Each structure stands twice: as structure tokens, then as C-alpha cells.
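Comments concern the structure below.
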Amino acid sequence: QVQLVESGGGLVQPGGSLRLSCAASRNIFRDYPMGWYRQAPGKQRELVARISRGGSTNYADSVKGRFTISRDNAKNTMYLQMNSLKPEDTAVYYCNVAPPRVMHWGQGTQVTVSS
């Protein structure tokens, strides 16, 4: 079973940037499309960015133009570069395959955007 571990979250002011990382215990990226998801308090978990096995990307409208998903197959790591952060981006961020599998949900990493 592949383990996915998210990191890189933190507290940032509006307009700031963060880069999240998702480390996989083995190279899963060649086998599955991958996604970054987030869950804000009182809301359902949502997909914010997706990267296909071939490397094409898709984004939720709410983050398009501000977030960039990428991966480094050699490092078994996926990234989410988040720029121009807004308070509404505050959430716990998770990585998983796309569509997600229950077995791959990790602890996530908290992102808080606040002045």
C-alpha cells in the first residue's frame, strides 16, 4: 500500500505563497492521475488541482491562475505551488490519486491564510 505524506503548510498572510509537497512511498505518479484536495471547516473536501499520468493539468476555477501542480518522478514527490493566497484558501490540504481512494488519505497539511 502506497503511503502519501503531505507537508509544507503553515500560516501566511493574504497575497503570500506556499509550496506544498506530497511524498509517496513509491512512484505512484506513473500509474495514476494525482490530485490535491482541500477541506475547509464545515465544507466538503474538494479537488483543487489534478495532474494526469501524461502531465496535463486541471484546476478548480477558484484557484486557476494562482496554483500550480507539478511532480518530480525521480523524487516520488508531487507539489502544489500556491500564490496570491486568499483567506478562502484556508483549509487542510491532502494529496491522493484522482479520483481519490480511501486507503490513500493521509493527515493532510494545514494552510491558514490570515493577517
Problem set entry | Residues whose placed amide H lies under 5 Å from that of G10, excluding near-sequence neighbours | V111, T112
For this session: State, to one decimal in nm, how far the label point of S62 lies from the label point of R26, with both points 7 Å from Cα in the Cβ direction.
Result: 3.5
Seminar exercise, completed: Given a 1.4 Å probe, the accessible area of the stretch 1-110 per residue, as a whole number of Å², is 53
For this session: Go ahead and run the numbers for FRET between S84 and S7, Cβ-Cβ distance against an R0 of 22 Å, rounding to 0.05.
Result: 0.55
Problem set entry | Charged-residue dipole, Cβ positions (Lys, Arg, Asp, Glu), the chain about Cα centre, Debye nearest 20 | 220
For this session: Can you tell me how much longer the chain between M103 and K43 gets when fully stretched, taken as 0.36 nm per residue apart minus their C-alpha distance, in nm with one decimal?
Result: 19.5 nm
Exercise. Given a Förster distance of 30 angstrom, what is the FRET efficiency for S115 paired with S52, based on the Cβ-Cβ distance and rounded to 0.05?
Worked result: 0.25
For this session: Compare M103, M78, M34 in a GNM of the chain, Cα atoms joined below 10 Å, and give the one with the largest fluctuation.
Result: M103
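Would you please classify the overall shape of the stretch 70-115 from the alpha carbon gyration tensor, given that a ≥ b ≥ c denote the square roots of the eigenvalues, rounded means a/c under 1.5, and beyond that prolate means a/b larger than b/c while oblate covers the rest? Each step should come with its number before you reach the end.
On the way: a/c = 2.64, a/b = 1.49, b/c = 1.77.
Oblate is the answer for the stretch 70-115, as a/c is 1.5 or above yet b/c matches or exceeds a/b.
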Seminar exercise, completed: Percent of all Cα-Cα pairs per 5 Å bin for the stretch 1-82, counting from 0 up to the last occupied bin, reads 3, 14, 25, 26, 19, 9, 4, 0
Exercise. Out of P41, Q13, G54, whose Cα points farthest toward the positive end of the dipole of the chain (charges: +1 Lys, Arg; -1 Asp, Glu; placed on Cβ)?
Worked result: G54
Exercise. Going by the alpha-carbon gyration tensor, a ≥ b ≥ c the square roots of its eigenvalues, is the stretch 36-91 rounded (a/c under 1.5) or, if a/c is not under 1.5, prolate (a/b greater than b/c) versus oblate?
Worked result: prolate
Exercise. Considering only protein heavy atoms, what is the solvent-accessible area of T112 at a probe of 1.4 Å, reported in Å² to the nearest 10?
Worked result: 40
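The values are calculated or read from the model by the stated rules, or taken from the named source; none is laboratory data. Predicted, not measured: the structure shown is a model, and the values here were computed from it. Here Cβ is always computed from backbone atoms with ideal geometry, including for glycine, and neighbour counts include all displayed protein chains. We work out accessible area using only protein heavy atoms, side chains counted, and drop any ligands, DNA or RNA first. Shrake-Rupley method; radii C 1.70, N 1.55, O 1.52, S 1.80 Å.
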